1. Specify the inter-centroid distance of the stretch 128-174 and the stretch 11-40, based on alpha-carbon positions, in whole Å.
2. Show me 21-31, 102-112, 136-146 ranked by packing, highest mean number of other Cβ atoms within 10 Å first.
3. Under 13 Å from the Cα of LYS168, which aspartates and glutamates turn up, not counting those fewer than eight places away in the same chain?
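Derivation of every value follows stated rules applied to the coordinates shown; laboratory data play no part. Remember, it's a predicted structure, so these values are computed and weren't measured experimentally. A quick note on method: Cβ atoms are made from the backbone with ideal geometry, for glycine too, and the neighbour counts reach across all protein chains shown.
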Amino acid sequence: MSGGSTRGEHPASFKGLKLLPVHLYVLAHLRKATVDYAKMMARISELPLPLIEDAVRELMEAGLVERDSGSAIKRSKARFKKAFEVHKHHTYYRLLREGELFVRSIDEKWLKSYFNSLFPDGWEVVRALIRAKNFNELPEELRDDKIREELLLHRFITPAGRKTEFFKLLVEFLGFG
């Protein structure tokens, strides 16, 4: 990879980091929240904390996210906070300018290319899953075992076939629902 602009690179990577859906979620969450901490991202998305922590660390190494300095945080800065101002008891993170620009550049064309690079017919499957109540309501041609395994791997569905909270938030935060 060149380390330069992401437009010429494989859509599922950024400066050598293979972008997983959890990375996209963290980036979109931080764009929406402005600042937040890993435990809250895990709680909201219902993903395991170590998965979120790994994603944050990898995004920091890629130059998209940084630790937020300071000892207190106002609600105007942390949009998901309920109190007017809180003292930080966690390590908060925020998008760097490059992270902000990257998230802003995500459009339907990029998402189509991204999901198709994750698994065969990925964009079609994701769009169908958005419309369906669960995996079993997908069109018959999209309900094979390989697709089910991919959706489970990326934590888009539960073993019972229901859409996960993570998937619903990813769709909402990236605005392609």
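1. 20
2. On the way: 21-31: 22.7, 102-112: 14.9, 136-146: 12.0.
So the peptides 21-31, 102-112, 136-146, ranked by packing, come out 21-31, 102-112, 136-146.
3. GLU46
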